[in-house]
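This report refers to the structure that appears directly beneath it.
The values are calculated or read from the model by the stated rules, or taken from the named source; none is laboratory data. Note that the structure is a prediction, hence the values are computed from the model and not measured. Cβ placement follows ideal geometry from the backbone for every residue including glycine, while neighbour counts extend to all protein chains displayed.
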């Protein structure tokens, strides 16, 4: 059975007769149904009835319904209410605007607004660079999306993308004290996206592009970098790539292999895959074979977009023509950013000794990590319920903290590699093991060290 998750946590209010020993009956029923109980409270106890709130993690929405049905099937138990804890958390949204200054008296108003604020505006007219010193721009990032490639949901549009962008903004604040704001655009036209972001850019110290489908994301990023004097970062590409490189540096230490000598097989050659491969090549990788939905990318593959063009030029030096299963035989590393269950147990078993498997498709990876760990020395996923989660939150807060503090105007490949090295170095030699190749997202040193590395690289 798949693992339960707090993302599908529910609280069930159940009423039962005291004669039935309802607490024991409820806990047994829920446990037998495969849920994980995290809390239990008796909210009302009378001679004729007991009311109990049980909080548990389930596998998915269907599993939550199974729990409800299993409890309802018992005579003497009545399910009064089921609350989805994730939906409760989102009521009214996850972020808000608060004032940093007191506004309690006429004096406060005179300085924060009229007439005093006019002096600040004039100062910016006299010296435009003062906009960073005297406004929110110095610590504010726009999280920009068109809703075309949101999580694993696909093209769901700007409104449905908003909860994700809110969450991203909340992470910026929590981990790096960066003020971020969702900008969900009701267009998927590249020209309109670029122009809109250009028009709102004066407010922000940086732009974080998010969940824009490939290959349009490449053009949007390229054009905005040319037009704007603030850094533009596409997290789905570069954030993922940075954390993969950090994790791989540490994994290679464990298996005592060199980046320049390993054979790397990649499944997925879209935005994330291209960015990962680029950073690996910059870090010394020389033997990458990549697969997309059409099979292996070789010198004979048709040139369709910038992503494929890059792989044609920089990968598959021996012009391998087989499938991914054949390619994995004797390979050192597998990196998947593609689709669920594309590999078989035999594929991992055929890899070289001391193999490394990064199966990063979400929510279901390319190979069950439990199976992969039977053969591979190091296994990583994109999931929080397995060790070695490749999570972008290790990268983007510290990167933007460093960019804003340095008043940076652009992002370079050197900067991206430096961020990856900083993340990897947050795992000390005494901590490094096969289940701990990247630091915890809650490690306070991560943002500090990544920000410092970024500032040094600007």
Could you list, in sequence order, the residues of region 362-374 that are in contact with a strand residue (DSSP E or B) (Cβ under 6 Å, 6 or more places away or on another chain) and either crowded, with 19+ Cβ neighbours inside 10 Å or not in a loop (DSSP other than H, G, I, E, B) (or both)? 365, 366, 367, 369, 372
Looking at region 147-172, which of its residues are at positive phi, over 13 Å from the mean Cα position of the chain (by Cα) and either buried (at least 19 other Cβ atoms within 10 Å of the Cβ) or in a loop (DSSP other than H, G, I, E, B) (or both)? 147
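Could you list all residues from region 24-44 that are farther than 16 Å from residue 67 by Cβ and touching a residue at least 12 places away in the same chain (Cβ under 8 Å)?
41, 42, 43
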Residue satisfying all of: in region 375-387; surrounded by fewer than 24 Cβ atoms within 10 Å (Cβ to Cβ) and modelled with pLDDT of 95 or more; nearest to residue 165 (Cα to Cα) among these: 377
Condition (residue is at pLDDT below 95, closer than 30 Å to residue 136 by Cβ and touching a strand residue (DSSP E or B) at 6+ places or on another chain (Cβ under 9 Å)) applied to region 437-450: is it met by at least one residue? yes
Confirm whether residue 319 is within 18 Å of residue 286 (Cα to Cα), out of contact with any helix residue (DSSP H, G or I) (no Cβ under 9 Å at 6 or more places or on another chain), part of a loop (DSSP other than H, G, I, E, B) and assigned by TED's automatic domain parsing to the domain that holds residue 267. yes
For residues in region 256-292 being within 21 Å of residue 150 (Cβ to Cβ) and part of a helix (DSSP H, G or I), which is modelled with the lowest pLDDT? 271
Any residue that is surrounded by 13 or more Cβ atoms within 10 Å (Cβ to Cβ) and either at pLDDT below 95 or over 30 Å from the mean Cα position of the chain (by Cα) (or both) - is there at least one of those in region 96-104? no
Run residue 315 past the list (1) without any contact (Cβ under 8 Å) to a residue 60 or more places away in the chain; (2) surrounded by fewer than 21 Cβ atoms within 10 Å (Cβ to Cβ); (3) touching a strand residue (DSSP E or B) at 6+ places or on another chain (Cβ under 8 Å) and report the number of the one that doesn't hold. (2)
Given the condition under 24 Å from residue 404 (Cα atoms), modelled with pLDDT of 95 or more and more than 21 Å from the chain's Cα centre (by Cα), answer yes or no: does some residue in region 204-214 qualify? yes
